[in-house]
Amino acid sequence: MDEGCNEAVTEFFIRLYEKGLIYKGNRIINWCPDCHTTLSDAEVEHEDTAGKYYYVKYPYADNKDEYFIIATTRPETIFGDVAIAAHPEDERYKHLIGRNVIVPLVGREIPIIADIYPDMEKGTGALKITPAHDPNDFEIGLRHNLEQISCMNEDGTMNEIAGKYEGMTRFECREAFVKDLEDNGYIVKIENTDHNVGTCYRCHNIIEPRISDQWFVKMKPLAEPALKAAAHKEVELVPERFTKIYNHWLENIRDWCISRQLWWGHRIPAYYCQDCGELMVQKDAPKKCVKCGSININQDEDVLDTWFSSGLWPFSTLGWPHETEDLKYFYPTDVLVTGYDIIFFWVVRMVFSALEITGKSPFTHVFIHGLVRDAEGRKMSKSLGNGIDPLDVIDNYGADALRFMLMTGISPGNDTRFNYDRLESSRNFANKLWNASRFVLMNIDGDLTDEETAKKNYKAEDKWIISRVNKAAKDATEYLEKFELGMAAQRVYDFIWNEYCDWYIEIVKPKLYGADGVDKDTARFVLIKVLKDMLKLLHPFMPFITEEIWSYLPNTSERLVIAEWPEYSEEENFEESEINLEFIMEAVRSIRNIRAEMNVLPSRKARAIFIPSKDEAKMFIESGANYFATLANITEVKIVNDKTEIGVDTASSVIDGTEIYLPLADLIDFEKEVERLEKEKVRLEGELKRVKGKLGNEKFISKAPESVVNEEKEKLQKYQLMMEKVVERLEHMKK
Ligand SMILES: [Zn+2]
Ligand SMILES: [Zn+2]
């Protein structure tokens, strides 16, 4: 309602009007036949009144012996019937859609149509459609392009459409017409009912819905350029499938009723001379009538549909109709982000309004997102009380965690469920990043070495992490360009958690804890360099925590929000180091697995013997002793040519053809291990006996829910597997 927006709305209205694209036409309103006036919805009082349900037969046009039964409280409007409507999912009527029936005593043929409005639970579930005498029927009529047949005069008497009942009041007509229907066998039954009737707040007579003059926008000439813009990809919807909906809607568009009988809104810039009836559409109120000179002038009391002004948003917000600097610089823009539920209401109207005014599509892309539903997939609503207040969530989890959760695990245009587990893991991720950054900062003191010096001293792990963040930037950028926000966020998450935090920091820790020197300086330099890049990559998804961490980093004079996005650089692509580190990491994982399987404390030291599959692997292992010591507590690395050099008591694993052996004597205390395994065997025997007993019990099997029985079956399988392993290990030990 700002002055600027109001000016834009008025200007737009006048331009369309002068081009002949806005006109006055018919619309249904509340009418008091006694006061002879329209009433706004707020002026209608609703009362429960005793009335009657008349069950009326409508014979089929193709077989007059059969008929469709409709229950109505207002048989006097039957003269205006144009269709019968049933819900498309109503099994009783599905097969009848498309057939015609005959309006009793009137003789006109009308179709049976499908519409979502009829309530399947209410009455017969089907409705007679009388667009000129009921607001809901009017809307249904518009949806199906039905005729509007009015059978009453302004004073509530019947008109010529009602034939021999013309001139009767609506109530006299009801009585006479029902009697005739009964005499001709068209009434099945009449039931008493209480129904809600709208009455005039002034005279308390029953109001009569009536079609009246309203303002419309002629849509065909506006829809065509909007269709063309999509066809020529001047505006693209993402995901592409929404283009179909956009096109379908524009191809089938009807003229748009823009006048509303509400108090709040932009007023229609139309003025009427009270003396000669002249209509004047202009920006400012006319001082006198252009035709008769009268000063007795009133402005149209209607206001505009809210989407009439919202449709101008891409340029009205930039100062249009004035040629502002903002308009020149920012219009047209690139991306509009919105939900699929307002493609018709908003997106389409912005596109055709902008094309009409500027000749340009207001944006090149419309990125459509889904709706956030509750954990059970239901739409959040007041009546269900399942809404979630984002401010509460932010208080408990943080704004970044909420934002990250909403962006990950989604795909464009699809609904998502509000998920507290994912919210929690998003918060954990933020914590992980915070702790890792704190660790890095605690280990940075004094000036960082310069890039040239650092570059000369890069180790394989430094090149690896630099190469990896380089690739993460490439992938994240590609995902973002395709509007795959969730995939981009996940890619950045994986890099930060799995590569930077879990591996790189662990690998360089000994260097940071060691004496000052080139290695320490290089590690510090790379830790900061990569941290900066990953903060930039994460910034769109977690703006607050990244900006905060950024403010503590050395050599960051500007805010992160305006820092440059990291770009992929071929110079920082170290393919060989990546292969090298991948090998080391795989070997470390294997060693850790063996240790875990054998319940070896992480602190227990062990030796590792390798049989490399190729020269490259041999090289990696030779240079990798440090990694194995740091990451897997391996005190000695030995490389041999074949198995003959390895004893029998070993645990082993194979990675990419290279064999790894760990001498068992290093890992376990034989006597203690046998003792432990014997104990475990006894425990498992007990468990197995219990589960087998349960599953052998007829009563349990027949009475317990299937899920419980299945759970027991799964337990049996699990214990059997564990038992096999324990027995196998025991035999091995005893050998
Ligand atoms: Zn009245
Ligand atoms: Zn006049």
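The values are calculated or read from the model by the stated rules, or taken from the named source; none is laboratory data. Treat the numbers as computed from the prediction; the structure is a model and nothing was measured. Note that each Cβ is placed from the backbone with ideal geometry, even for glycine, and that neighbours are counted across all protein chains shown. Ligands, DNA and RNA are stripped out before the accessible areas are found, and what is left, the full protein with its side chains, is counted by its heavy atoms. Shrake-Rupley method; radii C 1.70, N 1.55, O 1.52, S 1.80 Å.
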How much length, in nm to one decimal, is gained on full extension between Trp264 and Lys455, taken as 0.36 nm per residue of separation minus their Cα-Cα distance?
62.2 nm
A correct Karplus calculation of ³J(HN,Hα) over the range 310-322, with 6.51 cos²θ - 1.76 cosθ + 1.60, θ = phi - 60°, whole Hz and x for Gly and Pro, returns 4, x, 8, 3, x, 10, 5, 5, 9, x, 3, x, 8
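Ignoring any ligand, DNA or RNA, what whole percent of the accessible area of the chain comes from carbon and sulfur when the probe is 1.4 angstrom? Numbers along the way, then the final one.
On the way: 19050 of 38930 Å².
C and S fraction of accessible area: 49 percent.
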Positive end of the charge dipole of the range 664-735 (Lys, Arg +1 and Asp, Glu -1 on Cβ, about the Cα centre): tell me which of Phe700, Ala665, Val727 has its Cα farthest that way.
Phe700
Please give the Cα centre distance for the range 585-603 versus the range 253-318, rounded to the nearest Å.
78 Å
For a quick check: with amide H placed at 1.01 Å from N, whose amide H comes under 5 Å from Val235's, ignoring anything fewer than 5 positions away on the same chain?
Ala230
Would you work out which of Val508, Asn396, Ile245 lies farthest towards the positive end of the dipole of the chain? Charges go on Cβ: Lys and Arg +1, Asp and Glu -1.
Val508
Spatial separation of Cα centroids for the range 323-387 and the range 82-161, in angstrom:
35 Å
So the compactness index of the range 139-181, its C-alpha Rg divided by 2.2 N^0.38 Å, takes the value 1.35
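Using alpha-carbon pairs under 8 Å, 6+ residues apart, how would you state the relative contact order of the chain in percent?
Relative contact order, the chain: 8 percent.
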FRET efficiency, Leu391 to Val727 (Cβ-Cβ, R0 45 Å, nearest 0.05)
0.20
Rolling a 1.4 Å sphere over the protein heavy atoms, what is the accessible area per residue of the chain, to the nearest Å²?
53 Å²
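If you wrap a convex hull around the alpha carbons of the range 21-101, what volume per residue comes out, as a whole number of Å³? Numbers along the way, then the final one.
Details: hull volume 17.4 nm³, N = 81.
Cα-based convex hull of the range 21-101, divided per residue, equals 215 Å³.
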In terms of modelled amide H atoms, which long-range or inter-chain residues lie less than 5 Å from the amide H of Tyr67?
Tyr60
With Cα atoms, 0 to 90° folded angle of helix 670-695 axis to the chain main axis:
30 degrees
Would you mind working out the magnitude of the charge dipole of the range 1-58 relative to its Cα centre, with +1 at each Lys and Arg C-beta and -1 at each Asp and Glu C-beta, to the nearest 20 Debye?
640 debye
Expressed in nm², what is the orientationally averaged projection area of the convex hull enclosing the Cα positions of the range 156-287?
16.8 nm²
Over 20 Å intervals from 0, what percent of Cα-Cα pairs in the chain sits in each interval?
12, 28, 28, 19, 12, 2
Hey, what do the phi angles of the range 161-171 turn into as Karplus ³J(HN,Hα) couplings, whole Hz, using 6.51/-1.76/1.60 and θ = phi - 60°, x for Gly and Pro?
4, 7, x, 6, 8, 3, x, 6, 6, 4, 7
Mind checking which lysines have their C-alpha under 17 Å from Lys681, skipping anything on the same chain fewer than 8 residues away?
Lys672, Lys689, Lys692, Lys715, Lys718, Lys725, Lys734
Once R0 is set to 60 Å, what does the formula 1/(1 + (r/R0)^6) return for the Cβ-Cβ distance between Val654 and Asp155, expressed as a FRET efficiency to the nearest 0.05?
0.05
What lysines does Lys179 reach when the alpha-carbon gap must be under 20 Å and sequence neighbours fewer than 8 apart in one chain are set aside?
Lys52, Lys57, Lys128, Lys164, Lys189
Square roots of five times the Cα gyration tensor eigenvalues for the range 659-735, Å:
35, 13, 8
Rg/Rg_globular for the range 412-546, with Rg_globular taken as 2.2 N^0.38 Å and Rg from C-alpha atoms
1.15
Computed magnitude of the charge dipole of the range 604-735 (debye, nearest 20; Cβ of K, R +1, Cβ of D, E -1)
740 debye
Karplus ³J(HN,Hα) for the range 507-514 (6.51 cos²θ - 1.76 cosθ + 1.60, θ = phi - 60°; Hz, whole; x = Gly/Pro) runs 5, 8, 3, x, 5, 5, 7, x
Cleavage-rule hits, GluC sites (Glu not before Pro), the range 1-99, DSSP coil, Cβ neighbours within 10 Å at most 14
Glu89, Glu91
Which log10 I(q)/I(0) values, to two decimals, does the range 187-231 give at q = 0.20 Å⁻¹ under the Debye formula with one point per Cα?
-0.86
Approximate spin-label separation Asp502-Ser702, in nm, with each point projected 7 Å along Cα-to-Cβ:
5.1 nm
As a test question: what accessible area, to the nearest 10 Å², does Asp119 have when a 1.4 Å probe is rolled over all protein chains in place?
80 Å²
Percent of all alpha-carbon pairs of the range 103-173 at distances over 20 Å, whole number, is 39 percent
Treating only the Cβ atoms of Lys and Arg (+1) and Asp and Glu (-1) as charged, compute the dipole magnitude of the chain about its Cα centre; round to the nearest 20 debye.
1620 debye
In angstroms, what radius of gyration and Dmax does the range 1-151 have, counting Cα atoms only?
19.6, 65
Could you name the lysines whose alpha carbon sits less than 27 Å from that of Lys536, not counting residues in the same chain fewer than 8 places away?
Lys432, Lys455, Lys456, Lys459, Lys463, Lys471, Lys474, Lys482, Lys509, Lys511, Lys520
So how long is each side of the range 547-619 along the principal axes, counting just the alpha-carbon atoms, biggest first, in Å?
51, 32, 17
Using only the alpha-carbon atoms of the range 597-735 as identical scatterers, what base-10 log of I(q)/I(0) does the Debye formula give at q = 0.18, 0.20 Å⁻¹?
-1.01, -1.13
Based on the alpha-carbon set only, what is the convex hull volume of the range 453-511 divided per residue, in Å³?
68 Å³
Environment charge at Lys713 (Cβ cut-off 13 Å; Lys +1, Arg +1, Asp -1, Glu -1):
0
Per its Cα gyration tensor (rounded if a/c is under 1.5, else prolate when a/b beats b/c, else oblate), the range 374-467 is best filed as prolate
Relative packing of peptides 395-407, 419-431 - highest average C-beta neighbours within 10 Å first:
395-407, 419-431
So what's the angle, to the nearest 10 degrees on a 0 to 90 scale, between helix 575-597 and the longest Cα principal axis of the chain?
80 degrees
Please name whichever of Gln148, Ala523, Ile207 sits farthest to the positive end of the charge dipole of the chain, dipole taken about the Cα centre and charges placed at Cβ: Lys and Arg +1, Asp and Glu -1.
Ala523
